[in-house]
1. Does at least one position in the range A:71-94 carry a residue that is surrounded by 18 or more Cβ atoms within 10 Å (Cβ to Cβ), under 28 Å from B:Q41 (Cβ atoms), modelled with pLDDT of 95 or more and of a type in the set (F, W, Y)?
2. Could you check how many residues of the range A:66-104 are part of a loop (DSSP other than H, G, I, E, B), closer than 30 Å to B:Y50 by Cα and touching an Asp or Glu at 6+ places or on another chain (Cβ under 8 Å)?
3. Sort through B:E1, B:E44, B:E59 and tell me the only one that's under 24 Å from B:T112 (Cβ atoms), outside any strand (DSSP E or B) and free of Cβ contacts under 8 Å to residues at least 24 places away in the same chain.
4. Which condition breaks for B:N52 when tested against (1) at negative phi; (2) under 15 Å from the mean Cα position of the chain (by Cα)?
5. Between a first residue in the range B:100-114 that is crowded, with 20+ Cβ neighbours inside 10 Å and at pLDDT 95 or above and a second residue that is not small (G, A, S) and not in a strand (DSSP E or B), which pairs have beta carbons less than 8 Å apart while being 6 or more apart in sequence or on different chains?
6. Go through the range A:83-97 and give me each residue that's touching a residue at least 60 places away in the same chain (Cβ under 8 Å) and touching a Phe, Trp or Tyr at 6+ places or on another chain (Cβ under 7 Å).
7. Kindly provide the set of residues from the range B:73-85 that are touching a Ser or Thr at 6+ places or on another chain (Cβ under 9 Å) and either over 21 Å from B:L30 (Cβ atoms) or not in a strand (DSSP E or B) (or both), ordered by number.
8. Step by step: first the residues of the range A:39-65, then only those that are more than 11 Å from the chain's Cα centre (by Cα) and outside any loop (DSSP other than H, G, I, E, B), then the one that is nearest to the other protein chains (Cβ to nearest Cβ). Which residue is that?
Amino acid sequence: DQQVKQNSPSLSVQEGRISILNCDYTNSMFDYFLWYKKYPAEGPTFLISISSIKDKNEDGRFTVFLNKSAKHLSLHIVPSQPGDSAVYFCAGYGNKLVFGAGTILRVKS
Amino acid sequence: EPEVTQTPSHQVTQMGQEVILRCVPISNHLYFYWYRQILGQKVEFLVSFYNNEISEKSEIFDDQFSVERPDGSNFTLKIRSTKLEDSAMYFCASTQGVFSYEQYFGPGTRLTVT
């Protein structure tokens, strides 16, 4: 089951620069897409979402872009901070959350 | 800030034994979920629960699994006869229901089956 794919297992970014995390999906029935952040020994924490009828949603330093024709979404973090270092999961929601495999983000100070 | 809590944080059990994983969802939430994450793999949906009934379950959630809301606060996942492949992190989540895609997760229970 590869409905949601995060092809980059890890990303390393300098503090203050932009982090771009990418996600592809195959299921056109998703109504929403979400990004969750996860620290070790904790559960996933909801970060930001976007409706399938929108192409952008912004919340502070976090912006999610949705390209429906390409079935692609991305999370931009600007500026990146060391505290942003975590695993980021992309998820699609139809009637349940379907997660990608996650991308480890390391923000270097 | 209200949060989802789970107990125990780590459970070790022998193959074939029954385990019960416990969760206390956020108090005004109406929808409850269990997910699992096998080491190195994706977080996978197991089951959703609303109004004292299972509303959706995955193919992973077979007859060995059951869920219950025994009182007004707890939400439990029971595995009747554990197998080695049940070893995983189990996450409980809850949501108010209005925006049921924004789910709030507990810290997880690490289940180790030996």
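The values are calculated or read from the model by the stated rules, or taken from the named source; none is laboratory data. The shown structure was predicted, so the numbers you read here are calculated from the model rather than taken from an experiment. Glycine also receives a Cβ, built like all others from the backbone with ideal geometry; neighbour counts cover every protein chain displayed.
1. Yes: the range A:71-94 contains one or more residues that are surrounded by 18 or more Cβ atoms within 10 Å (Cβ to Cβ), under 28 Å from B:Q41 (Cβ atoms), modelled with pLDDT of 95 or more and of a type in the set (F, W, Y).
2. Initial filter on the range A:66-104 (part of a loop (DSSP other than H, G, I, E, B)): A:68-71, A:78-81, A:85, A:94-96, A:100-102.
From the residues that got through so far, the ones that are closer than 30 Å to B:Y50 by Cα too are A:94-96, A:100-102.
Within this subset, residues satisfying the condition of being touching an Asp or Glu at 6+ places or on another chain (Cβ under 8 Å) are A:94-96.
Final tally of qualifying residues: 3.
3. Working: B:E1 fails: under 24 Å from B:T112 (Cβ atoms); B:E44 fails: outside any strand (DSSP E or B).
One residue alone meets the criteria, B:E59.
4. Among (1) at negative phi; (2) under 15 Å from the mean Cα position of the chain (by Cα), B:N52 violates only (1).
5. As it stands, the answer is B:F105/A:P44; B:F105/B:V4; B:G106/B:E3; B:G106/B:V4; B:G108/A:E42; B:T109/B:P8; B:L111/B:T82; B:L111/B:D86, since those pairs meet every condition given.
6. To start, the set of residues in the range A:83-97 that are touching a residue at least 60 places away in the same chain (Cβ under 8 Å) comprises A:84, A:88-94, A:97.
Residues satisfying the conditions are A:Y88, A:F89, A:C90, A:A91, A:G92, A:Y93, A:G94, A:L97.
7. Filtering the range B:73-85 for residues touching a Ser or Thr at 6+ places or on another chain (Cβ under 9 Å) gives B:73, B:75-80, B:82, B:84.
Scanning the range B:73-85 gives B:S73, B:K78, B:I79, B:R80, B:T82, B:L84.
8. Narrowing the range A:39-65 to residues more than 11 Å from the chain's Cα centre (by Cα): A:39-45, A:51-61.
From what is left, the residues that are outside any loop (DSSP other than H, G, I, E, B) are A:45, A:51, A:56-59.
On the way: A:T45: 7, A:S51: 9, A:K56: 18, A:N57: 12, A:E58: 16, A:D59: 12 Å.
In this case the residue turns out to be A:T45.
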